[in-house]
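The values are calculated or read from the model by the stated rules, or taken from the named source; none is laboratory data. A quick note: this is a predicted structure, and the numbers were derived from the prediction, not measured. Note: ideal-geometry Cβ built from the backbone for every residue, glycine included; neighbour counts use all protein chains shown.
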Amino acid sequence: MARLSDDFISEIKYRNDLGELAASYMQLKRRGRNLVGLCPFHGEKTPSFNIYTENGSFYCFGCGTGGDVITFVMKIENLDYMEAVKFLAERAGMSMPEDDYDDSMSRLRTRIYEANREAARFFYGKLTSKEGAEGLRYLRGRGLADSTIRHFGLGFAPDERFALGNHLRSRGFTEAEMIAANLVFKSRSGNSVLDRFYNRVMFPIIDVRGNVIAFGGRIMTDQKPKYLNTSDTLVFNKSYNLFSLNNAKNSKSDALILCEGYMDVISLNQAGFTNAVATLGTALTADQTSLMKRYCKEVIICYDADEAGQKATSRAIDILRRAGLPVRVISIPDGKDPDEFIRRHGDQGHAAFQNILDNSGNDMDYRLRKLREAYDMNDPQGKFNYLTEAIKLLCELDNAMERDIYASKLSDETGVGKESITEQVKSGLRRKERNRRREETSRVQTGLSARDDKVNPQHKDHLRAATAEENLIAYLVKNPDKLTYIHERLKAEDFVTDFNRKLYIYFSERILNNLDPMTTVTADYSADEVSKIHSMINSRSDIPKTKEALDEFIGVILKEKAKPTESDIKNSSPEQFADLFSQFRKNHQ
Ligand SMILES: [Zn+2]
């Protein structure tokens, strides 16, 4: 990777305050010197995301993500390092040192965007040509106006295997670039490259910054599978993006309508509901949920009325609730999907759908109704089972007033006294709280150790040493002037774990060269390593603050280093073992 100068990166960080930038994506509260909020990188209801204003870094105790302002932008805008730096440079009105910005990965990403854009143009051109007549007829047959087709940039992939490949080649794209964009693939013999999409109507997928990142292609019959999508590429991750979010983010509504398919979204847009989005051929993911959370205050689920659609609805409710997003569920009458419904109402499509929207219940109404349908309410046992399940659902509500309203409803519905329902709900809540605490503790414990394993696999075998090493490194980063003092007492070879040794050398070298230790950590380490390093420097309450404490940590490292390892013990003769043992005892006195 071409390297940006330390000065430039320092300037970028200085001019882009992390707290201020983060506040444009999420709600933050001040807590002492720090800022806290709900983590934008995992779903949670109690804030574990911390911004440390003194050193411009963040760390989430829930998911273990951490870093500096550049890491934050990489994660939240889904950019690579160079792109994030560029983003921040633009934000601060700085120009990039051009020569440094020709990192090959970034270049390939740019070429993929360009190839996709050219492909979208090609498909659109074909749709309006003779070759695309069948495609155009198909889309018009599904009720789409020409203006809608243009607005979404829909297109047609002709019924041949080399059309797009030849076109892109003539525009200067290399085979490698086209393959990286997943627009073509190598034939099994390896002698030719074939178009991925042929004889399909094409739906370009555009990200919130206006880049064409992928395509969905639909065959024009009802054979299954109907859709073929771009596989994941350098610029596209299907579980991270949503169809038409680029349109929805500009809508005036506070809600997003979550649909199953591209055609539903397009029909809704045509009827004036520009806040519709769809997943990209997969079930809703937690990543998509955090993405939606940035653009809305509420999600309205509008899936198909068939059994698969209803299953997907329950699943989506769970995921969205977990992320703390309020949910409403739309049920379309007569088992239609939204696209069919709007088409059937013709000019009245907008009013008809608005009517359904206005009458849509929240997810609790939906779930209770589904539950009621599952039990025989005339049978006492059926009624009892219904009530038991319904009370479980009520326990999932965070809002006490909401719980009270539904307790009254349930009481009316079943003839069971409201007090006894409320009593059941209360004991359910207590049980839930106990379980939550237990789960959270074990999640934090296993989460932390698993992460340690990934970045520093030796950590678990050398707990004492690794902890002392981490504390020492944190101390060094905060007190670079103590480098000489530490170096006189502790050599890099004395470190027990390799990862921490490398870090110690890295920071020492930077300090010796009069550079701030942390400035380029994000450039020089992987995402997991960056998180780990930030957890080291931010999350330890036992970082030595005095020289005495520092000496103690140096002492622990030296002692642990001298300790015989398991293999030393296994391979030693009886005399050697006695030696090791007495040495070990001496060290531990
Ligand atoms: Zn988190």
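Being more than 23 Å from the chain's Cα centre (by Cα), of a type outside the set (V, I, T) and either within 16 Å of the ligand (Cβ to nearest atom) or modelled with pLDDT of 90 or more (or both) narrows it down to one of A22, A84, A89, so name that one. Write out each step before concluding.
Values: A22 fails: more than 23 Å from the chain's Cα centre (by Cα); A84 fails: more than 23 Å from the chain's Cα centre (by Cα).
It is A89.
If you scan the stretch 1-41, which residues turn out to be touching a Phe, Trp or Tyr at 6+ places or on another chain (Cβ under 9 Å) and within 26 Å of D398 (Cβ to Cβ)?
Hits for the stretch 1-41 are A22, Y25, M26, L28, N34, L35, V36, G37, L38, C39, P40, F41.
Of everything in the stretch 389-404, what is surrounded by 14 or more Cβ atoms within 10 Å (Cβ to Cβ) and hydrophobic (A, V, I, L, M, F, W, C)? Give them in sequence order.
A390, I391, L393, L394, C395, L397
V69 versus (1) among the hydrophobic types (A, V, I, L, M, F, W, C); (2) away from the ligand (no atom under 13 Å from the Cβ); (3) more than 20 Å from S526 (Cα to Cα); (4) surrounded by 19 or more Cβ atoms within 10 Å (Cβ to Cβ): which is the lone unmet condition?
Here V69 meets the rest and fails (3).
Residues are listed down the side, and each one gets a yes or a no for (1) of a type in the set (G, A, S); (2) within 31 Å of the chain's Cα centre (by Cα); (3) surrounded by fewer than 19 Cβ atoms within 10 Å (Cβ to Cβ):
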residue: G135; (1), (2), (3): yes, no, no
residue: R161; (1), (2), (3): no, no, yes
residue: L164; (1), (2), (3): no, no, no
residue: G172; (1), (2), (3): yes, no, yes
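What number goes with the only condition from (1) farther than 21 Å from T279 by Cβ; (2) in the same structural domain as F273 (by TED's automatic domain parsing); (3) surrounded by fewer than 16 Cβ atoms within 10 Å (Cβ to Cβ) that G349 does not pass?
Of everything listed in (1) farther than 21 Å from T279 by Cβ; (2) in the same structural domain as F273 (by TED's automatic domain parsing); (3) surrounded by fewer than 16 Cβ atoms within 10 Å (Cβ to Cβ), G349 misses just condition (3).
For residues that are surrounded by 15 or more Cβ atoms within 10 Å (Cβ to Cβ) and either within 37 Å of the chain's Cα centre (by Cα) or not charged (D, E, K, R) (or both), tally how many sit in the stretch 486-501.
Residues of the stretch 486-501 surrounded by 15 or more Cβ atoms within 10 Å (Cβ to Cβ): 486-487, 490, 494-497, 499-501.
Then keep just the ones that are either within 37 Å of the chain's Cα centre (by Cα) or not charged (D, E, K, R) (or both); that gives 486-487, 490, 495-497, 499-501.
Qualifying residue count, the stretch 486-501: 9.
Determine which single condition D452 fails, assuming it passes every other condition in (1) modelled with pLDDT under 85; (2) not basic (K, R); (3) not in a helix (DSSP H, G or I).
(3)
So, of the residues in the stretch 35-44 that are among the aliphatic types (A, V, I, L, M) and more than 9 Å from the ligand (Cβ to nearest atom), which turns out to be nearest to the chain's Cα centre (by Cα)?
Within the stretch 35-44, the subset among the aliphatic types (A, V, I, L, M) is 35-36, 38.
Next, from what is left, pick out any that are more than 9 Å from the ligand (Cβ to nearest atom): 35-36.
Numbers: L35: 21, V36: 19 Å.
Filtering the stretch 35-44 for residues that are among the aliphatic types (A, V, I, L, M) and more than 9 Å from the ligand (Cβ to nearest atom), the one nearest to the chain's Cα centre (by Cα) comes out as V36.
Is there any pair linking a residue in the stretch 290-307 that is under 17 Å from V265 (Cα atoms) and at pLDDT below 90 to one that is small (G, A, S) and outside any strand (DSSP E or B), with Cβ under 6 Å and at least six apart or on different chains, and which?
Cβ pairs passing all conditions: A305/G335.
Anything in the stretch 45-56 that is in contact with a strand residue (DSSP E or B) (Cβ under 8 Å, 6 or more places away or on another chain) and either more than 16 Å from the ligand (Cβ to nearest atom) or farther than 16 Å from M26 by Cα (or both)? List them, or say none. Walk me through how you get there before you give the answer.
If we filter the stretch 45-56 for residues that are in contact with a strand residue (DSSP E or B) (Cβ under 8 Å, 6 or more places away or on another chain), which is where we start, we get 47-53, 56.
Listed by number, the residues that qualify are T53, G56.
For a quick check of your reading: which helices (runs of 4 or more DSSP H) sit entirely within the stretch 476-524 and have at least 2 residues that are in contact with a helix residue (DSSP H, G or I) (Cβ under 7 Å, 6 or more places away or on another chain) and touching a residue at least 60 places away in the same chain (Cβ under 8 Å)?
Numbers: elements: 483-489, 498-512, 521-524.
Because the criterion is at least 2 residues that are in contact with a helix residue (DSSP H, G or I) (Cβ under 7 Å, 6 or more places away or on another chain) and touching a residue at least 60 places away in the same chain (Cβ under 8 Å), the helices (runs of 4 or more DSSP H) in the stretch 476-524 that meet it are 483-489, 521-524.
Is it fair to say V327 is at pLDDT 95 or above and of a type in the set (V, I, T)? Walk me through it before giving the result.
Details: at pLDDT 95 or above: no; of a type in the set (V, I, T): yes.
Here the answer is no, as V327 does not meet what is asked.
Here is a yes/no grid of residues against (1) closer than 30 Å to R161 by Cβ; (2) more than 16 Å from the ligand (Cβ to nearest atom); (3) of a type in the set (D, E, K, R):
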{"residue": "T65", "(1), (2), (3)": "no, no, no"}
{"residue": "G93", "(1), (2), (3)": "no, yes, no"}
{"residue": "Y113", "(1), (2), (3)": "yes, yes, no"}
{"residue": "N116", "(1), (2), (3)": "yes, yes, no"}
{"residue": "T128", "(1), (2), (3)": "yes, yes, no"}
{"residue": "R140", "(1), (2), (3)": "yes, yes, yes"}
{"residue": "D146", "(1), (2), (3)": "yes, yes, yes"}
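For F156, indicate whether it is farther than 21 Å from D337 by Cβ, surrounded by 16 or more Cβ atoms within 10 Å (Cβ to Cβ) and modelled with pLDDT of 95 or more. Break it down stepwise before answering.
Details: farther than 21 Å from D337 by Cβ: yes; surrounded by 16 or more Cβ atoms within 10 Å (Cβ to Cβ): yes; modelled with pLDDT of 95 or more: yes.
The answer is yes for F156.
Any residue at all in the stretch 213-220 that's surrounded by fewer than 22 Cβ atoms within 10 Å (Cβ to Cβ) and more than 20 Å from N116 (Cβ to Cβ)?
Checked against the condition, which is being surrounded by fewer than 22 Cβ atoms within 10 Å (Cβ to Cβ) and more than 20 Å from N116 (Cβ to Cβ), the stretch 213-220 yields at least one hit.
Which of the helices (runs of 4 or more DSSP H) found entirely inside the stretch 156-269 contain at least 1 residues meeting this: of a type in the set (A, V, I, L, M) and under 26 Å from H345 (Cβ atoms)? Spell out how you get there, then give the answer.
Numbers: elements: 163-170, 175-180, 245-248.
In the stretch 156-269, 245-248 are the helices (runs of 4 or more DSSP H) which contain 1 or more residues that are of a type in the set (A, V, I, L, M) and under 26 Å from H345 (Cβ atoms).
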